[in-house]
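Read the structure below first, then the notes.
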């Protein structure tokens, strides 16, 4: 996916298209770069991967490709827009990643709170059912003994 996105970006720039016209491809490329980094992190922690050497080589190659694509993208942005544009792009990317990270944390917290609420409701229902059962049992025992 990264290779196709980068090829589209390079072809677009060669054809004279502006970077803002290639924003979708740039976003896809950065998504693939981030995915390669993420896969490296999760692969290291996975007990179900192949041999250590195989895993090391796969993640090394993927990370190197991702770095190469990012370096080439940087060169394109620098050549067409200058250093300030690259810095702005990096800042925007970091801001978006931070916003997504915070949204993910908020989503996980909301899910945890929902599960806790469901657990509390279930406990309350069980408590009410137990209390009702004890009352019914008490009434039945009292009726058997002739108290009621």
**Request:** Report Rg (one decimal) and Dmax (nearest whole number) for segment 55-112, counting Cα atoms only, units Å.
**Result:** 16.2, 47
**Fill in**
Placing one equal point scatterer on each C-alpha of the chain and summing with Debye, one gets log10 I(q)/I(0) at q = 0.11, 0.14, 0.18, 0.20 Å⁻¹ equal to -0.65, -0.86, -1.09, -1.19
**Message:** Expected output is a single nm value to one decimal: the length gained when fully extending between residue 137 and residue 34, i.e. 0.36 nm times separation in residues minus the C-alpha distance. What is it?
**Reply:** 30.8 nm
**Item:** Within a Gaussian network of the chain (alpha carbon springs, distance under 10 Å), most fluctuating of 91, 67, 120
**Value:** 120
**Item:** For segment 57-118 versus segment 17-32, the gap between their alpha-carbon centres in whole angstrom
**Value:** 13
**Volume of the Cα convex hull of segment 2-81, divided per residue and given in Å³** = 79
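Laboratory data are not the source of any read-out in this text; all were calculated from the coordinates shown. Just so it is clear, the structure is predicted and the values come from calculations on it, not from any experiment.
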